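S.K.: Shown below is the structure under consideration.
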Amino acid sequence: MVIDEGVLFRTNETAFVQTKRKLLDDCDLWCILSLPAGTFKQAGGGVKANLLFFTKGNPRKKSGITIYRISR
């Protein structure tokens with residue numbers, strides 16, 4: 001899943017909190033790849049983006065989430 005990086009850190013809007021809770025409670029979110037601003041500039045998005053890797057329908061495992069940050 002590709003999302004705006006702000007989605008993971010916003011706590012003031014219920015929809016963002018519910019999305020994070022669903023990923024953590026109902027899916028096995030195992031990796032976040034943080035991409036630099038402008039990665040999707042040609043598609044009209046100049047903001048930082050995250051690629052989320054998860055297995056839908058499996059509860060989160062205790063092994064944790066790996067985060068990789070890519071910079072230019």
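S.K.: Residue under question is Ile32, and the condition is that it be under 19 Å from Gly64 (Cα atoms) and among the β-branched types (Val, Ile, Thr); does it hold? First the steps, then the outcome.
M.R.: Values: under 19 Å from Gly64 (Cα atoms): yes; among the β-branched types (Val, Ile, Thr): yes.
So Ile32 fits the description; yes.
S.K.: So, one more: Among the numbered conditions (1) open to solvent by 40 Å² or more (accessible area, probe 1.4 Å); (2) modelled with pLDDT of 85 or more, tell me where Ser34 comes up short.
M.R.: Exception for Ser34: condition (1).
S.K.: The conditions are (1) closer than 17 Å to Asn58 by Cβ; (2) outside any helix (DSSP H, G or I); (3) free of Cβ contacts under 8 Å to residues at least 24 places away in the same chain, and Asn12 fails exactly one of them. Which is it?
M.R.: The one condition Asn12 does not meet is (1).
S.K.: Just the residues that are among the aliphatic types (A, V, I, L, M), modelled with pLDDT under 85 and farther than 15 Å from Leu8 by Cβ, please, taken from the range 38-72.
M.R.: Ala43
The values are calculated or read from the model by the stated rules, or taken from the named source; none is laboratory data. This is a predicted model, so every value here is computed, not measured. Backbone-built Cβ (ideal geometry, glycine too); neighbour counts: all protein chains shown. Side chains are part of the model used for accessible areas, which takes the heavy atoms of the whole protein and leaves out ligands, DNA and RNA. Shrake-Rupley method; radii C 1.70, N 1.55, O 1.52, S 1.80 Å.
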